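Taken together, the values in this text are just the output of simple stated rules run on the coordinates, not laboratory data. Remember, it's a predicted structure, so these values are computed and weren't measured experimentally. Here the Cβ is made from the backbone with ideal geometry for all residues, glycine too, and neighbour counts use every protein chain on show.
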Amino acid sequence: MTHKFLGKGAVGPLSGFPWPMPGNRAAGAWVESTGPLALCASGIHICRASDLAHWIHEELWEVEADGDQLDGFDCVVVQRARLVRRIDEWSGAGGQRFAKACVEHAAAQAGPSPADAIGGLFEDADFMSANGYIALAAYTTALAVSRLHAEAETEAAYRRERAWQSAWIAHELL
């Protein structure tokens, strides 16, 4: 199963493309890409469950894909895709629960005084979570957690935190 985060009304946040939405219990119309697939350049970019934290936006959709596929680090690029259903829990309280869980997870890793351990990043993430800036709260907590580790481990720690975040979304909301 694959997914796609979109803006309100199923609009691509980077492309501005309005995706055909499902209706009458049927998937939306297929969206097709022409030409060879290329990461960040050509094709339809969608998410595996493990990619979700990298693409957070207002709406989360289940997507059906078909045709050629190119695996990227944090996405899959496909020849064609269509929206199957909106994950309503994300747009409701789910996104906010996720942001709060990110802050709590970072705090647990930082110990009894997360502000002392992580500094201003923790307060920033807490503020963002409380005020509905879900993507920024998730990014900032991952960055904060990465700084709890030695410099040689920061990238690996960041990636582990983003993996935890993606797993949280998949487990709690899909």
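Observations
- Note on GLU89 and PHE17: their simple-model spin labels are 2.8 nm apart, each label 7 Å out from Cα toward Cβ.
- Förster radius 30 Å - calculated FRET efficiency between ASN24 and LEU174 (Cβ-Cβ, nearest 0.05): 0.80
- Approximate shape of the stretch 52-102 as ellipsoid semi-axes (Cα gyration tensor, √5λ), whole Å, largest first: 25, 14, 6
- Degrees separating the helix 95-110 axis from the principal Cα axis of the chain, which is the longest one: 30
- Compared with the dominant Cα axis of the chain, that is its longest principal axis, helix 120-130 is turned about 50°.
- Measuring between their Cα centroids, the stretch 26-92 and the stretch 139-174 lie 22 Å from each other.
- Computed over the chain with a Gaussian network model linking Cα atoms closer than 10 Å, the most mobile of LEU143, LEU14, LEU83 is LEU14.
- Shape category assigned to the stretch 72-129 from the gyration tensor of Cα positions, a/c cut at 1.5: prolate
- Relative contact order of the stretch 1-158, taken over Cα pairs closer than 8 Å and 6 or more residues apart, is 19 percent.
- For the chain, the fraction of alpha-carbon pairs lying more than 26 Å apart is 33 percent, rounded to a whole number.
- Residue-wise HN-Hα coupling along the stretch 52-58, computed from phi with Karplus coefficients 6.51, -1.76, 1.60 (Hz; x: Gly, Pro): 3, 5, 7, 10, 4, 8, 5
- Order of THR140, THR154 under a 10 Å beta carbon neighbour criterion, fewest first: THR154, THR140
- Angle between the chain longest axis and helix 134-146 axis [Cα atoms, degrees, rounded to 10]: 50
- Residues LYS4, LYS100, sorted so that the one with the fewest Cβ neighbours within 10 Å comes first: LYS100, LYS4
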